[in-house]
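Single-structure report; data block below.
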Amino acid sequence: MTPQDLAELYLLSRSLWWRHELGLLSDEAVSELIKVLRSARAGIVAQIEAEAQGLASISEWTRERNDQISAWIDDVLAGTSASVTSYISEASVGVALASVATYNSILSFDGKAKAVKLVEGLTREQVKQFFQDQPLGGKLLSDWVGNAFSTGARDSILDAIREGVVMGEGYRKLVKRVMTAADTGFSITQREATTLVRTYVQSANTGAQEAVYEQNEGIIKGYKRVETLDNRTCRICALADGTVYGKNEKRPELPAHPNCRGVYVPILKTFREIGLNIDELEEVARPWTIREQGPIGTGGRKILNFGTTKENFGGWWESLSAEDKLKTSVGPVRGRLLQEGLVRWEDLSDKRTGLPYTLEQLGFDEQGNPLR
């Protein structure tokens, strides 16, 4: 293996290790967020319970009454929504600053590559303002958090009050109904807020990464997309793993979706051009895992199988047992087409958009039979 190959493996290894650390940071942030939401739920439930006597006295439900109760619930939830927005913003800022320092270190080979320009001088306030003002998926962070509360806690509580009033329930029944709805609603809000934390943490990471890359575009000739090798990786990302782009070639934005863990690793011109005076680097390999099925939640899922590989997702998938292949997002139909040699891995995804081709676009029906 040439020094150039070893240098690129070093960059890949360090990037993957930082992504592992980010996963731990995300888990920690989610745990703290859940504490915030549980505390808020207790306070909000107590406030609603105190007001329930007046709600039980409502004799009919009108549009005006609906608007009044909606505004009241919004007011009750406003403080918690603001706290969650602030918490996610602060967590993202911390990750962004740590990621800038990490990618400075990665690209400069811990300062050994003298030609690498470091990104320096960013203040916490500058980064914080970025996350408050920069839309993600067309919305500001405050809007995403507001939506999480609207589709969860707010709507559940409002529906429960409306149903209780319409059914003429007394104080105790109405309180019980609202408490049950609050549990359901906050579960939805917690799930969506958890997704927001993980997505904003990854967005902070990729933003910091791109800032370091842009500062050093003179020594970079391209980028390689790297995804996590496990059966939780979605089909979009699995099929795009290993895709190589020229320096000025348009790349799909990362994160590609909520909870996305994909990153771009730079392809350097030559290790000598970055001022790196080393003869060899330790050879590295990518870790992979097969986990239990189901959502990752906050604590992960039991690891059923694991190992290391030097392959991209396609090569790794080929090395799996038939049982483990079925646990991945590739799916049984595409898997059979691959194994029968009817399609190649690189045929399955559009490089420009990063999106998988449908079976119809590949020339097959839903069962994998050739279209006539």
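What follows draws every value from the coordinates through simple rules; no lab data is involved. Bear in mind that the values here come from a model prediction, so they are computed numbers and not experimental data. Every residue, glycine as well, gets a Cβ built from its backbone with ideal geometry; the counts of neighbours run over all protein chains shown.
The spacing between the range 128-179 and the range 181-259, judged by their C-alpha centroids, is 28 Å. Adding -39500 (n - 2.57) for every DSSP H run of four residues or longer, then dividing by how many residues the chain holds, sets the calculated 222 nm ellipticity at -18500 deg cm²/dmol. Listed by chain and number, the lysines whose C-alpha is less than 21 Å from the C-alpha of Lys173, apart from same-chain residues fewer than 8 away, amount to an empty set. Candidates [x] 1.11; [y] 1.19; [z] 0.99; which is the computed Cα Rg over 2.2 N^0.38 Å? Computing Cα Rg over 2.2 N^0.38 Å and matching it to [x] 1.11; [y] 1.19; [z] 0.99 gives [y]. Each of Val127, Asn147, Ser39 was placed along the dipole of the range 3-214 (beta-carbon charges, centred on the mean Cα), and the one lying farthest toward the positive end is Ser39. In this label model, Glu60 and Gln339 are separated by 6.7 nm, measuring between points 7 Å along each Cα→Cβ vector.
For the chain, the longest principal axis of the Cα atoms and the long axis of helix 171-215 meet at an angle of about 20 degrees. Prolate is the label for the range 213-268, because the ratio a/c of its alpha-carbon gyration tensor axes (a ≥ b ≥ c) is 1.5 or higher and a/b is greater than b/c.
Rounded to the nearest 10 degrees, the angle from helix 3-56 to the longest Cα principal axis of the chain is 0 degrees. What is the log10 of I(q)/I(0) for the range 3-214, computed with the Debye formula using one identical point scatterer on each Cα and no solvent, at q = 0.08, 0.09, 0.17 Å⁻¹? Log-scaled intensity ratios, in q order: -0.40, -0.48, -1.07. Each of Ala113, Val76, Thr184 was scored by the projection of its Cα onto the charge dipole of the range 3-214, and the greatest displacement toward the positive side belongs to Thr184; charges sit on the C-beta of Lys, Arg, Asp and Glu. Output the 0 to 90 degree angle, nearest 10, between the alpha-carbon long axis of helix 63-107 and the longest principal axis computed from the alpha carbons of the chain. So the helix axis and the longest Cα principal axis differ by about 20 degrees.
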